[in-house]
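The values are calculated or read from the model by the stated rules, or taken from the named source; none is laboratory data. It should be emphasised that the depicted structure is a prediction, and the values quoted were computed from it without experimental measurement. Cβ coordinates were reconstructed from backbone atoms using ideal geometry, including for glycine residues, and neighbour counts include every protein chain displayed. We work out accessible area using only protein heavy atoms, side chains counted, and drop any ligands, DNA or RNA first. Shrake-Rupley method; radii C 1.70, N 1.55, O 1.52, S 1.80 Å.
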There are 2 protein chains.
Amino acid sequence: MRIGELAKATGTKAETIRYYEREGILPAADRTDSNYRDYSDNHLAALTFVRRARQLGFSMAQVRELLDLSDRADKPCQEVDELVHEQLEEVEQRIVDLLSLRDELRLLLRSCQANRIDECRIVGSLARPLGRVTR
Amino acid sequence: MRIGELAKATGTKAETIRYYEREGILPAADRTDSNYRDYSDNHLAALTFVRRARQLGFSMAQVRELLDLSDRADKPCQEVDELVHEQLEEVEQRIVDLLSLRDELRLLLRSCQANRIDECRIVGSLARPLGRVTR
DNA sequence: TATGCACCTTGTAGCAACTACAAGGTCAAG
DNA sequence: CTTGACCTTGTAGTTGCTACAAGGTGCATA
């Protein structure tokens with residue numbers, strides 16, 4: 001299959017696929033006589049793997065690790081487990097951070113009672129460091 | 001005060017402060033005889049404002065808008081309100097996204113029962129598109 | 001046969017918001 | 001008078017793409 005077809009099949013832009021190849025994330029494809037990339041089903045599987053891992057929030061470096069690990073069929077999968085664990089913890093931390101961000105923004109919204117900007121507590125609140133929004 | 005002092009006072013790196021100046025987010029400072037930047041309390045207030053807005057997740061473009069608005073003391077603060085609202089909605093969306101990411105990662109972790117990578121469901125799950133992790 | 005159009009190629013530059021140098025100037029203390 | 005901490009400018013790197021530009025290919029249609 002050509003790059004456009006693979007792109008459509010995986011919901012990836014052709015440019016991104018070429019980028020992955022440059023970065024060594026995907027193996028280079030065969031070429032047709034006219035120098036077009038010619039992909040196999042293995043490429044389709046690999047790209048699906050990569051995209052899914054990226055959607056799950058893994059970094060490119062982590063995806064590389066996952067790819068390396070998934071080639072070692074005989075090894076224990078403890079390392080894969082650890083990578084997923086790490087990622088889960090990061091995501092959980094980001095959630096905690098965003099929740100407190102959300103609370104701050106809600107407070108900020110409630111603090112605007114005035115009509116004019118110079119009386120607006122939002123603008124005033126921004127001029128103070130974080131954590132002292134209330135009063 | 002010099003740039004290092006301002007940096008310490010606001011928890012910003014000196015390089016970031018110079019970057020803000022280049023970007024027009026902060027007004028240029030006066031210079032000493034030896035060409036060092038010399039900051040006033042107004043700069044301290046402005047930088048605090050900027051950093052706080054950034055910590056709240058506002059983009060540089062939004063910070064610019066907020067700064068412009070906060071200068072128009074006589075205007076109604078409806079626009080400020082709208083910006084905060086927008087940002088709140090974005091944060092809430094990011095939270096929703098991350099929550100479902102977290103669930104996916106948890107499922108993935110539970111799916112690893114095997115010991116060898118070629119029997120590990122995690123690796124297998126990654127090879128399938130999102131949304132079909134379970135079974 | 002020509003020509004239009006969708007597709008492909010490479011290479012380079014841009015995005016956000018910094019961060020990290022390098023190479024050199026300034027200033028106070030010892 | 002030298003050491004060290006600070007400052008200056010300028011440039012390049014980070015992450016993960018995305019967007020061109022300039023040109024080649026392949027196929028259907030006039």
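Details
- Restricting the first member to segment A:19-32 and to residues that are more than 14 Å from every other protein chain (Cβ to nearest Cβ), and the second to residues that are more than 8 Å from DNA strand D (Cβ to nearest atom) and not hydrophobic (A, V, I, L, M, F, W, C), the beta-carbon pairs closer than 6 Å and six or more apart or on different chains are A:Ala28/A:Glu21; A:Ala29/A:Arg37; A:Ala29/A:Asp38; A:Ala29/A:Tyr39; A:Asp30/A:Asp38; A:Thr32/A:Asp38.
- A:Thr16 in a helix (DSSP H, G or I), hydroxyl-bearing (Ser, Thr, Tyr) and surrounded by fewer than 20 Cβ atoms within 10 Å (Cβ to Cβ): yes
- Summed over segment B:41-61, the residues that are of a type outside the set (A, V, I, L, M, F, W, C) and within 12 Å of DNA strand C (Cβ to nearest atom) give a count of 6.
- Hey, B:Leu44 open to solvent by less than 30 Å² (accessible area, probe 1.4 Å), among the hydrophobic types (A, V, I, L, M, F, W, C) and assigned to a helix (DSSP H, G or I) or not: no
- Filter result (in a helix (DSSP H, G or I), open to solvent by 50 Å² or more (accessible area, probe 1.4 Å) and within 8 Å of DNA strand D (Cβ to nearest atom)) within segment B:1-13: B:Glu5
- Residue check for A:Leu83: of a type in the set (A, V, I, L, M) and either away from chain B (no Cβ under 14 Å) or within 30 Å of B:Glu92 (Cβ to Cβ) (or both): yes
- Within segment B:21-31, the only residue that satisfies the criterion of being over 26 Å from A:Leu108 (Cα atoms), in a loop (DSSP other than H, G, I, E, B) and open to solvent by less than 50 Å² (accessible area, probe 1.4 Å) is B:Ala29.
- One residue stands out among those in segment A:49-69 that are more than 11 Å from chain B (Cβ to nearest Cβ) and open to solvent by 30 Å² or more (accessible area, probe 1.4 Å): the one that is farthest from DNA strand D (Cβ to nearest atom), which is A:Glu65.
- In segment B:31-46, the residues that are touching a strand residue (DSSP E or B) at 6+ places or on another chain (Cβ under 9 Å) and charged (D, E, K, R): B:Arg31, B:Arg37, B:Asp38
- Residue check, A:Arg37 among the charged types (D, E, K, R) and open to solvent by 80 Å² or more (accessible area, probe 1.4 Å): no
- Filter pass, A:Pro27 being more than 9 Å from DNA strand D (Cβ to nearest atom) and over 23 Å from the mean Cα position of the chain (by Cα): no
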